[in-house]
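A short write-up of the structure that comes next.
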Amino acid sequence: MSKFNSAHNQELLNGIAKLLEYKNYNLALQELEKFFQNNTESNTKEYLYARVLLVDAYLYNGRSDKATNLCQELSNSKHHTTQILAQYYLAEIFPEAKPTTQKASLNSTKSSLTPAQETELINTAYEAITNKRYKKAIQALKVFCIAASPDTKEYLKAHKWLIKAYQENGQMNEAIALCQQLLINEHEQIRKWARKLLFTDLFTDNIDVSVTSQNPTKSEVKLQTPSETLPEEPEPSVEKFTPKTLKEFKVFCQKNLLSELKVFESRRKKALLSIVALHLLFLSFLITTFKFVSMISFDIKDYIYIEEPSLFESHSTPRNVECRYKTLHTWLE
């Protein structure tokens, strides 16, 4: 019996995968040996994933003989994903036995899409997934994944989104089938991502993917403009919900409205900050203008003299009157 729960084992295996990524191969091998000592159930997804990681550890440590024996054992596994990985590793160890088409990329190295078409397909898929219109997202992403080059920056993101859209749309077989195709992709990052997903969220005991609908080949995809390739999907009908209790209403709001409310609240805060900033900017403009006008008025008063009208402006001054009085007094004498 396993001594640890599934969550603990998954966390432990993620740590071992990181050790392998950071090239700490000896410590990764030691941790895997401890894992197998504490876990004896061979049909769990953690156990199978650990066996695959053990192949990596053997290869990185130069123990190709042990890696070969383990791959031959895993190639007989009832788990289809494990079989694919074991056969891939054997082809890597013995290149002369590798089929000529085994490591071929899912796409050619040259994209059949223009940059504008790639951008429009990605934007269409993102909008559709955001609005939970998964069928439309699948249509756009399938065209992108078939026609785009693996060297395209959005290549891995498109496959992740397509697998997510399959999951959300209830097409688990298609999600698993696409992920299994990525197990033999020429890019190591894509292979490891697909491998981890197949042993976690997409894990299934066994599945016959040969009967599932695979992605069409390039010859089956008519590369038209995205608007022609993607017919408009009708809007999903909104189900009527009538809560019976306050708790049901609270759960409904948390599940369906909380994310939208958070977006609206974020936008409201940004709008409020913009309004406050504009008001402050306008107020500072008014203050600056007032100060500038005051300075101009002060300068004018300094340099312009306005003469006050005299009380005796239209009459004789007192000195003139006094002089006339003295003259008259002298004449009388």
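No lab work stands behind these numbers, since they all come straight from the coordinates. It should be emphasised that the depicted structure is a prediction, and the values quoted were computed from it without experimental measurement. Counting neighbours? That spans all protein chains shown, and the Cβs are built from the backbone with ideal geometry, glycine included.
Run the quick spin-label model on residue 268 and residue 287: label points 7 Å from Cα toward the beta carbon, then report their separation in nm to one decimal.
So the label points at residue 268 and residue 287 sit 3.0 nm apart.
So between residue 8 and residue 130, what do we pick up on full extension, going 0.36 nm a residue minus the alpha carbon distance?
Extra length available between residue 8 and residue 130 comes to 40.7 nm.
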